[in-house]
1. For residue 675, list the lysines whose Cα falls under 26 Å from its own Cα; do not include residues on the same chain fewer than 8 positions away.
2. What is the mean projected area of the alpha carbon convex hull for segment 619-677, to one decimal in square nanometres?
3. What spacing in nm lies between the two simple spin-label points modelled at residue 631 and residue 520, each 7 Å away from Cα in the Cβ direction?
4. Treating cross-link reach as a plain straight distance, find the lysines whose alpha-carbon is under 22 Å from the alpha-carbon of residue 452, omitting any fewer than eight places away in the same chain.
5. R0 = 25 Å: FRET efficiency of residue 345 with residue 315, Cβ-based, nearest 0.05?
6. Please find the FRET efficiency linking residue 581 to residue 391, where r is the Cβ-Cβ separation and R0 is fixed at 56 Å, and quote it to the nearest 0.05.
7. Quick one, what does Rg over Rh come out to for the chain if you take C-alpha atoms and the Kirkwood Rh?
8. Once the piece of chain linking residue 611 and residue 282 is laid out straight, how much longer is it, given 0.36 nm per residue of separation minus the C-alpha distance between them?
Amino acid sequence: MAQRARNWRRTAAAVTAAGMITAGATVPGAAAAEEPRIDLKVLVVDNGDSTVKAVTAQLKSTGIPYTTVDLGDSGRPTITAAFLSDTVGGRPRAKFQGVVLPNEAPFGAGSAEQTALETYERTFGIPQVDAYTWAHPGVGLDYTSEGGWAGTLDGREASVTAAGKAGPFGYLDGAFRFEDNAPAVQESYGYPARPRTGFTSYVDIPVSGGTGRGSLVGEYTHDGRRELVVTFAYNNTQQQFRLLARGIVEWLTQGVHLGQTRHSFAVHVDDVFAPDSRWDSARNCTPGDFDCASGEGEGTTPVRMTADDAAHAGQWQREHGFTMDMVFNAGSGEEWKTEHGGTDALATRLLADRAQYRWINHTYTHPFLGCVQDTTSVPWSCAKNADGSTKYTSRAEIAAQIRDNHNWAVGKGLPIDRTELVTGEHSGLKTLPQQPDDNPNLAGALADTGVKWIASDNSREPGQRAVGSALTVPRHPMNVYYNVGTAAEMADEYNWIYTSRADGGSGVCEDNPTSTCLDQPLDVATGYAEHIVPQEARTALGHVLAGDPRPHYAHQSNLAEDRLLYPVMEKVLADYRALFTDSTPLENPRQSAIGTEVQRSAAWQSALANNRVTAYRIGKTVTVTAPSGTQIPVTAPEGTKKQLLLGTGVFGTPYAGARSAWTTPAALQSALTLKLP
């Protein structure tokens with residue numbers, strides 16, 4: 001029995017190159033048949049630091065259940081052996097598969113709680129993440145005075161080591177740079193240090209002013225325990241954390257966990273076939289809008305794609321391996337054609353290339369489908385009926401706009417999905433402050449026309465919600481404006497919005513507590529390329545790296561004239577592909593698939609919040625039960641099989657060196673069962 005215990009300790013400490021325990025730990029002194037049950041849940045000990053909050057946010061967005069112990073709560077549970085483990089059906093149970101701590105010993109070295117936690121980790125082979133600590137021998141590192149350094153990391157390049165690539169960070173290409181968004185502000189601080197015996201560095205950085213490299217992230221194996229030691233500060237939005245977050249979670253869960261994270265990027269191009277009004281740099285407004293000088297209906301020189309722009313769009317897609325969603329208004333295009341001699345070279349070219357794009361219904365002529373707008377005052381208000389009730393666009397009018405656009409598309413052979421819709425300006429949905437509720441006629445019109453997925457504006461409504469039998473798909477607006485065709489126009493309007501009154505701007509940035517004014521106006525000749533493009537690309541890439549599937553949207557005007565949208569998309573794609581290996585491709589789903597993903601995620605989070613999910617691992621078998629019909633997200637190693645009634649089947653699809661899927665129990669089974677390799 002003593003020999004078996006010693007063998008177990010060696011087994012629990014030994015890990016594969018992927019940082020995973022090859023089989024479940026065996027409790028010392030227990031028979032082999034009593035291999036412990038490891039519940040697929042994480043324990044988070046939270047002291048309020050941004051680093052713990054960041055790891056917790058990654059657990060949540062991935063879909064991994066976790067229990068938080070708040071160190072600032074006087075009524076928190078005490079960490080004891082009974083809190084951490086018990087026995088179920090005569091089998092020892094570890095209640096948590098991994099532990100996240102703010103540092104290596106938040107309860108105090110040698111304290112009863114710290115001892116209980118360390119004993120638990122040692123007994124069941126449970127890994128521990130030290131979210132942020134300083135370099136010292138207690139975490140397997142030399143002091144920074146001994147060949148390392150401590151200081152600001154802003155703008156410095158770090159690299160994934162060979163061990164990191166072979167292990168939990170194998171999805172990264174190698175090098176990445178710490179953000180330096182504000183040179184006058186310290187954004188990240190760290191303690192790169194030299195590893196000691198038992199420490200394997202996964203991410204390191206050149207020693208400042210010295211030789212060699214210092215570890216920033218690594219594994220410290222000691223005393224039958226494993227710690228992932230992070231020696232730099234971060235928060236959930238910083239790119240360096242977002243790049244490493246997946247690997248931290250995979251290491252913590254040993255590659256077997258509920259939830260999944262995939263990176264996706266979709267771009268909707270609204271108003272295709274329609275012209276967009278142009279910004280007036282002299283009057284700082286858009287002629288044709290009711291709040292600009294002569295008001296609605298004033299003539300304007302529109303921005304509209306040409307046939308050459310359409311040809312460029314198709315060629316760009318082929319060169320970059322990326323498909324845009326063309327969100328179109330056929331009726332507006334027909335009106336343009338009538339007004340311009342009965343021909344439209346743009347439509348001819350786009351229709352010839354129809355198969356190269358995805359197409360989404362944007363209504364026939366892009367009308368406002370909410371309340372009837374009273375534009376006699378600024379801002380506009382909802383017109384009223386004689387009885388004082390709000391006057392709305394009718395169900396028949398909404399349905400006609402949807403149906404006519406769809407029928408036109410079918411007649412032209414466009415590959416269109418009837419279930420997807422983007423209304424003009426997201427109208428019909430509530431528009432604060434003027435229209436606090438949806439148009440009551442909208443839900444019926446969606447049902448009449450078979451719409452299941454209606455776009456909404458993520459900046460106004462980030463959550464998915466029902467509109468009758470349809471669901472919203474929140475979209476991220478891109479800061480590339482609909483009413484500009486040139487870089488100079490874009491920079492000029494940007495200056496108007498984001499500079500103070502003293503600098504000639506509108507001062508909106510001064511009045512809005514969530515906005516920040518530019519230090520000085522952008523140069524209209526260079527401001528778009530030098531300031532707006534990198535900032536907008538960083539924002540979009542941040543959504544991608546956070547695992548947010550929501551699409552981004554711009555307008556057809558941004559593919560015309562100076563073709564402003566391409567530099568932003570190119571930077572997002574280039575930056576992503578430079579950071580990640582081919583095993584972690586950037587997915588490009590359509591609106592209905594994105595809506596389904598958001599819907600599944602919300603249902604899963606609800607099931608977790610209501611404690612309706614049970615998941616555990618015994619040796620090489622994973623068992624998950626959830627409410628009937630619930631899609632279950634799971635991530636597991638390559639080679640994992642799904643248990644069927646007879647035999648096994650392939651589980652999931654490959655991504656980032658693992659396999660993952662939304663799945664349900666096999667036929668005639670009440671629980672999902674997976675067999676690990």
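1. 41, 60, 95, 165, 620, 641, 642
2. Averaged projected area of segment 619-677's Cα convex hull equals 3.9 nm².
3. 5.2
4. Excluding near neighbours in sequence, the set is 430.
5. Plugging the Cβ-Cβ distance into 1/(1 + (r/R0)^6) gives 0.95.
6. Numbers: r = 56 Å, r/R0 = 1.01.
That pair, residue 581 with residue 391, gives E of 0.50.
7. 1.02
8. Value of the extension gain: 112.5 nm.
Each value in this text was obtained by applying a stated rule to the coordinates, not by laboratory testing. Just so it is clear, the structure is predicted and the values come from calculations on it, not from any experiment. For neighbour counting, all protein chains shown are included, and Cβ atoms are generated from backbone atoms with ideal geometry for every residue, glycine included.
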